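*Asks:* Quick one: the structure is below, and I'll ask about it shortly.
The values are calculated or read from the model by the stated rules, or taken from the named source; none is laboratory data. Everything numeric in this text was worked out from a predicted model, so none of it was measured. Ideal geometry is used to build each Cβ from the backbone, glycine not excepted, and the neighbour counts take in all protein chains shown.
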Amino acid sequence: MEDLAKAIADAAARKIRARERLMKKTHDESVRRQRRSSSHLDPLKVREPALWSYDKSHNPFHVRARSASIGHAILSSIKSGTFAPLPPAGFRIAKPAGGPRTVTAFAIADEVVSKRLYTSLMNKNRARLSAHSYAYRKDLGVHDAISRMQADWYGEHRLYVAQYDFADYFGSVDHEHVWSTIHDLKFAITRTERQLLKAFMLAPLPTLLPSTMPTSSRSRDRGIHQGTTISLLLANIAATPLDREFERLGVSFTRYADDVVIWSRDYNNLSRAVEELHRFADISRCAINHSKSPGIGLLTLPEANEAEFRTLHRVDFLSQSIGLRTVSISERAISTAKKTLTAYIYNHLLREPSKGTQDIKRLIGELDRDYVALIWQLRRYLYGSLSEKQLRRLLRGPLPSMMSLGGLLGRHPLVDDIEQLQEFDAWLSTQVWLALRKRAELLREAAGDVPTPAPWGYSQEQLAAFTTTSTRGLRSTVDGRLPSSVRMSELVRRAVGAHGTRVATHTASLYGWS
């Protein structure tokens, strides 16, 4: 725990930089909106985080300024065996499948201790965890889990697959089960580490924001906090006995925290694995959510006839949909992407015309500048940091040895369902084309004789190939070509084939590893 004060200062500085980036992003969006509008708009504001009002231990400016004294106090309490994290705050986020999830936020300094404890224990005990557990690890992640399933399933014509969901895994897991598992696995853990682990497990239930830190609170005797780094290791430890049973039975499985997919050619083996899953639920006190657990099904090819069993052609797992031959983006993730892109289209092309506040100067010079700004934002969402020109050059030429691909497809590097991506591109092209047409109608109704800049009146095919020359400055080429998920997917798959999934956006770091 040496240099604890510096680690606390660094953690606070990272939060300050994140805050500054958010403020700049908000300011830039305000400037863009003002450019499009002929009337004065109040600038967008960034609210002070509710965590700062909860307690000053969450305010990074306060923590950075006092990192030396905070670090000294924590180190003294660790050495004396009296360390206990401050009562945490909590906030609720919506689960993808519906309902709220409470996420815990510990004080900045406590989270530094949690992260260091995680790193120390994980480095010493990685081999004791299952190789098929992919959550919250630096050596394995989401893409590895999907890759395992893709490799195992490809070439099969039918597989028995079981999917089960725990009702409240983090909030329910039994502490005695965790400690007995640590003992049975012969975990390498020092006395100090054991004391710290116990302190985080007993930390009281979070106080929901907006509120202030309570003066007294009761230790929890069940469940682990979802939101702090050490809980990620505890979640994996708790499920390791289940992993061992699956391996003993000879079934294949992939587990990401409490999301489990089990498969086998043999129905009897899979049935025994499901029985072990229910037994684990009883021992760990983590109830199975039967309403959200599809149970056992027969995974077949889409063209196969209905079988004697409940038949499915795809399994949704970690925002992807995996079949026996292809990997797709899940319908839920596609829906989220469409909502985001629809908002971009509305903000750039229709917000001001619909309110009658469009700045007509944005249309002068034979180019609709708001359309160009939209294309740049669509491109960032689909391509990450790549321009259309860079993407096409990488598709034609050699790939650099060190590269990182972002955007929607960078987060889903193993997707190879080209038909789905073609449909997505067609949807995007249609939405942009319809919005452009509506924009022209609104502005002509409101202002009468308005300029007709490019690309008004273009067909969808023309929008896909649209480039023009700027009328300003050096008269450089303006690339207004619609981005394509099919093109980006081709590059991502080529890069993954050459360098592995490390080139893709790393999504395993749920709580932001430094």
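*Asks:* If the Cβ limit is 9 Å and pairs must be 6+ apart or interchain, which residue in segment 75-104 that is in contact (Cβ under 8 Å) with a residue 40 or more places away in the chain pairs with which residue that is exposed (fewer than 10 other Cβ atoms within 10 Å of the Cβ) and part of a helix (DSSP H, G or I)?
*Replies:* Final answer for the pair search is 81/191.
*Asks:* With the requirement that a residue be part of a helix (DSSP H, G or I) and surrounded by 15 or more Cβ atoms within 10 Å (Cβ to Cβ), what does segment 177-194 give you? So that I can check it myself, show each step before the final result.
*Replies:* Kept after step one, since they are part of a helix (DSSP H, G or I), are these residues of segment 177-194: 177-184, 191-194.
Those that are part of a helix (DSSP H, G or I) and surrounded by 15 or more Cβ atoms within 10 Å (Cβ to Cβ): 177, 178, 179, 181, 182, 192, 193.
*Asks:* From the list 139, 152, which residue is touching a strand residue (DSSP E or B) at 6+ places or on another chain (Cβ under 7 Å), surrounded by fewer than 17 Cβ atoms within 10 Å (Cβ to Cβ) and not basic (Lys, Arg)? Step through it out loud before you land on a result.
*Replies:* Values: 139 fails: touching a strand residue (DSSP E or B) at 6+ places or on another chain (Cβ under 7 Å).
Going through 139, 152 in turn, the sole match is 152.
*Asks:* Given the structure, is residue 30 hydroxyl-bearing (Ser, Thr, Tyr) and surrounded by 13 or more Cβ atoms within 10 Å (Cβ to Cβ)?
*Replies:* For residue 30, the condition - hydroxyl-bearing (Ser, Thr, Tyr) and surrounded by 13 or more Cβ atoms within 10 Å (Cβ to Cβ) - is met.
*Asks:* May I ask you to verify whether residue 131 is free of Cβ contacts under 8 Å to residues at least 40 places away in the same chain and either touching a Ser or Thr at 6+ places or on another chain (Cβ under 9 Å) or of a type in the set (A, V, I, L, M) (or both)?
*Replies:* yes
*Asks:* Right, something else. Please specify each residue of segment 278-295 satisfying the condition of being among the hydrophobic types (A, V, I, L, M, F, W, C), within 28 Å of the chain's Cα centre (by Cα) and more than 22 Å from residue 315 (Cβ to Cβ).
*Replies:* Hit for segment 278-295 is 287, nothing else.
*Asks:* I'd like the full set of residues that are basic (Lys, Arg) and either assigned to a loop (DSSP other than H, G, I, E, B) or at pLDDT below 95 (or both), limited to segment 435-458.
*Replies:* Answer for segment 435-458, where residues must be basic (Lys, Arg) and either assigned to a loop (DSSP other than H, G, I, E, B) or at pLDDT below 95 (or both): just 444.
*Asks:* Follow-up. Looking at (1) outside any helix (DSSP H, G or I); (2) surrounded by 14 or more Cβ atoms within 10 Å (Cβ to Cβ), can you tell me which one residue 428 breaks?
*Replies:* (1)
*Asks:* Let me ask you something else. Based on what the data block shows, is residue 352 among the acidic types (Asp, Glu) and assigned to a helix (DSSP H, G or I)?
*Replies:* yes
*Asks:* Go through the residues of segment 349-358 one by one and say whether even a single one is among the aliphatic types (A, V, I, L, M), over 19 Å from residue 490 (Cα atoms) and modelled with pLDDT of 95 or more.
*Replies:* Yes, there is a match, as at least one residue in segment 349-358 is among the aliphatic types (A, V, I, L, M), over 19 Å from residue 490 (Cα atoms) and modelled with pLDDT of 95 or more.
*Asks:* Can you find even one residue in segment 225-236 that is in contact with a His (Cβ under 8 Å, 6 or more places away or on another chain) and either surrounded by fewer than 17 Cβ atoms within 10 Å (Cβ to Cβ) or under 19 Å from residue 88 (Cβ atoms) (or both)?
*Replies:* Among the residues of segment 225-236, at least one is in contact with a His (Cβ under 8 Å, 6 or more places away or on another chain) and either surrounded by fewer than 17 Cβ atoms within 10 Å (Cβ to Cβ) or under 19 Å from residue 88 (Cβ atoms) (or both), which makes the answer yes.
*Asks:* Restricting to segment 306-318, and then to whatever is crowded, with 18+ Cβ neighbours inside 10 Å and in a loop (DSSP other than H, G, I, E, B), can you tell me which residue is farthest from the chain's Cα centre (by Cα)?
*Replies:* Of everything passing the filter in segment 306-318, 314 is farthest from the chain's Cα centre (by Cα).
*Asks:* Mind checking which pairs have a first residue in segment 314-343 that is closer than 21 Å to residue 157 by Cβ and a second that is in a loop (DSSP other than H, G, I, E, B) and of a type in the set (A, V, I, L, M), Cβ under 6 Å, 6 or more apart or different chains?
*Replies:* Listed by first residue and then by second, the contacts come to 324/301; 327/414; 327/415.
The rows are residues; the columns are (1) of a type in the set (Gly, Ala, Ser); (2) at pLDDT 95 or above; (3) out of contact with any helix residue (DSSP H, G or I) (no Cβ under 8 Å at 6 or more places or on another chain).
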residue	(1), (2), (3)
271	yes, yes, yes
284	yes, no, no
288	no, no, no
294	no, no, yes
302	no, no, yes
305	no, no, yes
311	no, no, yes
316	no, no, no
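*Asks:* Pairs under 8 Å by beta carbon, first residue closer than 30 Å to residue 310 by Cα in segment 156-185, partner of a type in the set (Phe, Trp, Tyr), six or more apart or different chains?
*Replies:* 159/153; 159/263; 160/263; 160/267; 160/309; 161/263; 162/263
*Asks:* Find the residue count for segment 379-400, including only residues that are surrounded by 13 or more Cβ atoms within 10 Å (Cβ to Cβ) and either polar (S, T, N, Q) or not in a loop (DSSP other than H, G, I, E, B) (or both). Break it down into steps so the answer makes sense when it comes.
*Replies:* Restricting attention to segment 379-400, the residues satisfying the condition of being surrounded by 13 or more Cβ atoms within 10 Å (Cβ to Cβ) are 379-384, 386-388, 391-392, 394-395, 399.
The next check asks that each one be either polar (S, T, N, Q) or not in a loop (DSSP other than H, G, I, E, B) (or both); those that pass are 379-383, 387-388, 391-392, 394-395.
Counting residues in segment 379-400 that are surrounded by 13 or more Cβ atoms within 10 Å (Cβ to Cβ) and either polar (S, T, N, Q) or not in a loop (DSSP other than H, G, I, E, B) (or both) gives 11.
*Asks:* Run residue 61 past the list (1) surrounded by fewer than 21 Cβ atoms within 10 Å (Cβ to Cβ); (2) more than 22 Å from residue 21 (Cβ to Cβ) and report the number of the one that doesn't hold.
*Replies:* If we test residue 61 against (1) surrounded by fewer than 21 Cβ atoms within 10 Å (Cβ to Cβ); (2) more than 22 Å from residue 21 (Cβ to Cβ), just (2) comes out false.
*Asks:* Does residue 88 satisfy the condition of being buried (at least 21 other Cβ atoms within 10 Å of the Cβ) and either among the hydrophobic types (A, V, I, L, M, F, W, C) or not assigned by TED's automatic domain parsing to the domain that holds residue 19 (or both)?
*Replies:* Values: buried (at least 21 other Cβ atoms within 10 Å of the Cβ): yes; either among the hydrophobic types (A, V, I, L, M, F, W, C) or not assigned by TED's automatic domain parsing to the domain that holds residue 19 (or both): yes.
So residue 88 passes the test.
*Asks:* Scan segment 345-376 residue by residue and report those that are surrounded by 19 or more Cβ atoms within 10 Å (Cβ to Cβ) and in contact with a Phe, Trp or Tyr (Cβ under 9 Å, 6 or more places away or on another chain).
*Replies:* 348, 349, 363, 368, 371, 374, 375
Rundown of residues vs (1) touching a residue at least 40 places away in the same chain (Cβ under 8 Å); (2) assigned by TED's automatic domain parsing to the domain that holds residue 345; (3) farther than 19 Å from residue 342 by Cβ, yes/no style:
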| position | (1), (2), (3) |
| --- | --- |
| 371 | yes, yes, no |
| 389 | yes, yes, yes |
| 404 | yes, yes, yes |
| 420 | yes, yes, no |
| 429 | yes, yes, no |
| 460 | no, yes, no |
| 467 | no, yes, yes |
| 476 | no, yes, yes |
| 479 | yes, yes, yes |
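*Asks:* Mind checking which residues of segment 272-283 are exposed (fewer than 15 other Cβ atoms within 10 Å of the Cβ) and either farther than 27 Å from residue 171 by Cα or acidic (Asp, Glu) (or both)?
*Replies:* 275, 282
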